[in-house]
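Participant: Quick one: this structure, given as C-alpha cells, is what I'll be asking you about.
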C-alpha cells in the first residue's frame with residue numbers, strides 16, 4: 001500500500017484489543033500509518049492500515065513504567081522513536097533490525113523522565129523533563145551530553161513543549177506553575193506563570209500563533225493564555241467536573257481543542273470551540289467521542305492528504321488508547337468539519353506547506369538475507385517446493401541471537417519464552433511452539449473489529465457464532481472452532497492463507513484408518529464474499545494423496561465456495577469442515593444454523609492421538625517469516641479428542657440429537673482410588689472401518705475418493 005487513500009480503516013471505525021497492561025503510552029508515525037505502544041517490555045508497532053497483521057515487538061525489558069513515547073514528526077527521520085526508561089531516554093531507529101534498533105541512550109537526568117518533545121523544525125533536537133526539576137535540550141548529533149539545561153529547583157517537571165512558531169522558545173510545567181525559557185537567554189526563565197491551584201498535567205502551544213498556550217490541571221480547569229500580554233490571569237477558563245489529563249489544540253478548525261479526563265468524565269474525549277470566548281464558563285463540548293470503558297491514556301490525530309497539494313485538503317481521524325486495552329480509530333463526520341469552520345480545499349496560508357511523507361509501514365521486520373518463504377509444491381512448475389532461505393538453510397547464528405535476546409520474557413499476550421528453547425514465528429525446531437504461535441496470532445485477530453460493530457459492547461461467547469463481518473473475523477472464528485487447524489500463514493490484507501490439517505482421505509501408502517497430512521493455500525479476492533468473488537484453492541501434492549483424489553477435493557472446494565459466495569456468505573468454515581471429514585450442506589437457503597451438520601452423530605469417535613499428528617515434521621511460517629519478533633512459548637497443552645463424521649457434500653443432511661456415548665472417563669472413589677475406563681482400540685478401529693466403508697457421497701449419491 002503506497003497511498004493513504006487505499007486505506008480501509010481511515011474512514012471506518014476500528015477497535016483493536018491489545019491485551020497488555022504493561023503498555024502505558026502511545027504515539028503515531030508522521031505519515032499516520034503506524035501506531036507505537038510503549039511499556040515495560042518494549043515497543044509494539046502496529047500497522048493501522050493492516051491491523052490483522054501481528055505487531056512488531058522491539059524488546060526492552062525494564063521494571064520502570066514508560067512515561068512517554070514520541071515518534072519523530074520529521075520527514076528526514078521517519079523511523080526514529082524516543083521512549084523513556086526511568087532517568088534515560090532511548091532513541092530507537094526502527095529501520096534497523098529489532099534486536100539492534102537502539103540508536104542512542106540519552107542519560108542526563110538524575111530522576112525519572114516524565115515527558116519528551118521533538119523540536120517542530122529541527123529534526124535533531126528534542127527536549128526532556130524530569131522529576132529532578134531539570135529540562136534538558138538534546139542534539140542527537142552529539143548525544144553524550146545535553147546542549148541546554150534549565151531548572152526550576154523547587155518542583156519536578158511534568159511536561160515540556162517547544163513553541164511551533166518560535167524555534168527558540170520552550171515551556172515546561174512544574175507543579176502548579178509554568179516556566180517559559182529561551183535557548184538564547186541561558187538559565188533564566190523569560191516568564192513564570194502561576195497557572196493553577198493543583199498539579200499541572202499538560203500544556204500545549206498553539207499551531208497558529210506564537211503566544212497561544214493551553215494548560216490543564218488536577219484543579220479541574222483548562223486555561224487559555226496569551227503569553228505576549230499579561231500572564232497574571234488567563235483570558236479564558238473552562239471548569240470541568242473531572243481532573244484533566246490533557247488539553248491539546250485540534251489540528252483542524254478555528255480555535256478548537258480536545259480535552260481528555262484523568263479519571264471520570266465518562267472516559268471520553270471532549271472537543272471544545274474556544275474561539276472568541278473569554279472569562280469563565282463550564283464545559284460545553286461541541287462533540288464527544290465516547291465509548292471506552294476505562295480512563296483514556298492518550299489521544300492523537302492521524303491525517304492524510306494528496307501529494308504535492310497546494311491547498312489544505314487534509315482529512316483526519318482520532319486515535320485513542322485506553323486502560324481498557326482498546327486502541328480505537330474514530331472517523332470524523334463531515335458535519336464536525338463544518339461545525340469547526342474547516343473547509344477542505346482552501347488555499348494554504350503563506351509559508352505553510354503540507355509535508356509529503358513516504359507512505360510505508362515499519363511494522364514488518366527489515367528484510368534480511370535469511371528471510372524464509374513458504375512455497376506450495378506443484379508438479380506443473382517443474383520443481384518441488386521447499387522450506388528454507390535463499391540458500392536452502394536457516395541462519396543458526398541469527399536464531400541463536402534471537403533466543404538469547406528474549407530469554408526469560410513472558411508477556412500478557414501469551415507469548416512466552418521458555419528456558420532453553422525460545423523461538424520466533426517461522427522457526428521449525430519445535431512443533432508445539434508452532435501451534436502456540438498460530439494460536440496467538442488468532443488471539444490477536446480475534447480482538448479486531450471494523451465497521452459498525454467496532455464500538456458495540458463485546459458479545460458473549462454464546463453469540464460468537466454470528467456471521468463474521470470480514471475475512472479477519474472469519475479466520476479468527478474458524479481458528480478457534482477448530483484448534484487442530486494450523487495457520488502457517490495469515491495475511492488478511494492480501495487475502496492469503498496457508499493452512500495445514502489432517503484429513504480422512506485416501507492414502508496410497510498407509511492403512512485406511514490413518515489420517516493424512518494436507519496443506520492448503522487459499523487466495524481470497526478483495527470483494528469476497530460476493531457473487532463471482534470466490535477464493536482459489538491449492539492443495540500441496542504429497543506421496544500420501546493420489547492425484548485423482550486431490551483433483552476431486554479441489555473440485556468440491558470450488559463447488560462449496562461458489563455456492564456460499566454466490567449467496568453472499570463466507571465459505572472458509574464449510575470448506576475446512578469438508579477437508580476435516582465432515583459433511584457440508586449446500587442448501588444455503590435453510591439458514592445459518594442448518595448449513596453445517598453431521599449425518600450421523602454416533603460416528604464421531606476418532607482418538608486425539610490420530611488427529612493430533614498435524615504434521616509435526618512440517619514448518620510453521622508466519623506472514624513475515626522468521627524475522628518476526630514475537631516470541632512463542634514452548635509449553636504444549638493436551639488437546640481434547642477431535643470428533644469427526646463422514647465427509648462429503650449432501651443436499652439435505654439428517655440430524656440426530658442422540659448424545660454421543662462417552663469413550664473414556666475417570667472418577668475418584670471414597671477410598672482414594674482413581675477408576676478410569678477407555679474404549680478398546682479394536683472398537684475404535686471397527687468404527688473407523690464402518691466410516692471408510694460408507695464412503696463420501698456427493699449430491700448425486702456417487703462415491704468419492706475413499707474407494
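Participant: Of the residues 204, 175, 219, which is out of contact with any strand residue (DSSP E or B) (no Cβ under 8 Å at 6 or more places or on another chain), in contact (Cβ under 8 Å) with a residue 24 or more places away in the chain and surrounded by fewer than 21 Cβ atoms within 10 Å (Cβ to Cβ)?
Facilitator: When all the criteria are applied, what remains is 219.
Each row is one residue, and each column tells you yes or no for (1) within 16 Å of residue 245 (Cα to Cα); (2) surrounded by 18 or more Cβ atoms within 10 Å (Cβ to Cβ).
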{"site": "157", "(1), (2)": "yes, yes"}
{"site": "163", "(1), (2)": "no, yes"}
{"site": "167", "(1), (2)": "no, no"}
{"site": "182", "(1), (2)": "no, no"}
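Participant: Is it the case that some residue within the stretch 70-85 is surrounded by fewer than 20 Cβ atoms within 10 Å (Cβ to Cβ) and free of Cβ contacts under 8 Å to residues at least 40 places away in the same chain?
Facilitator: Within the stretch 70-85, not a single residue is surrounded by fewer than 20 Cβ atoms within 10 Å (Cβ to Cβ) and free of Cβ contacts under 8 Å to residues at least 40 places away in the same chain.
Participant: When you scan the stretch 88-139, how many residues do you find that are surrounded by fewer than 19 Cβ atoms within 10 Å (Cβ to Cβ), touching a strand residue (DSSP E or B) at 6+ places or on another chain (Cβ under 6 Å) and part of a loop (DSSP other than H, G, I, E, B)?
Facilitator: Adding up the residues that qualify gives 3.
Participant: Let me ask something else. Within the stretch 334-355, does at least one residue satisfy the condition of being touching a residue at least 40 places away in the same chain (Cβ under 8 Å), out of contact with any strand residue (DSSP E or B) (no Cβ under 9 Å at 6 or more places or on another chain) and not in a helix (DSSP H, G or I)?
Facilitator: Yes, the conditions are met somewhere in the stretch 334-355.
Participant: Confirm whether residue 58 is farther than 26 Å from residue 6 by Cβ and touching a helix residue (DSSP H, G or I) at 6+ places or on another chain (Cβ under 8 Å).
Facilitator: Judged against the criteria, residue 58 is a match.
Participant: Can you name the residue in the stretch 566-575 that is surrounded by fewer than 23 Cβ atoms within 10 Å (Cβ to Cβ) and touching a residue at least 40 places away in the same chain (Cβ under 8 Å) and is also farthest from residue 502 (Cα to Cα) among such residues?
Facilitator: For the stretch 566-575, the residue satisfying everything is 569.
Participant: For the stretch 596-617, does any single residue satisfy the condition of being modelled with pLDDT of 85 or more, in a helix (DSSP H, G or I) and crowded, with 20+ Cβ neighbours inside 10 Å?
Facilitator: no
Participant: Just to be sure I understand, how many residues within the stretch 147-159 are in contact (Cβ under 8 Å) with a residue 40 or more places away in the chain and part of a loop (DSSP other than H, G, I, E, B)?
Facilitator: Number of matching residues: 1.
Participant: Can you find, within the stretch 305-321, the residue that is modelled with the highest pLDDT among those that are farther than 21 Å from residue 16 by Cα and part of a strand (DSSP E or B)? Full working, then the answer.
Facilitator: As a first pass, look at the stretch 305-321 and keep what is farther than 21 Å from residue 16 by Cα: 305-315.
Narrowing the set further to residues that are part of a strand (DSSP E or B) leaves 311-312, 315.
Working: 311: 90, 312: 90, 315: 94.
Applying the filter and picking the extreme gives 315.
Participant: When the stretch 27-45 is examined, which residues are found to be crowded, with 23+ Cβ neighbours inside 10 Å and outside any loop (DSSP other than H, G, I, E, B)?
Facilitator: If the condition is that a residue be crowded, with 23+ Cβ neighbours inside 10 Å and outside any loop (DSSP other than H, G, I, E, B), then 27, 34, 35, 36, 37, 38, 42, 43, 44, 45 are the ones that fit.
The values are calculated or read from the model by the stated rules, or taken from the named source; none is laboratory data. From a predicted model like this one, the values you see are computed outputs, not experimental measurements. Reconstructed Cβ throughout: ideal geometry from the backbone, glycine too, with neighbour counts over all protein chains shown.
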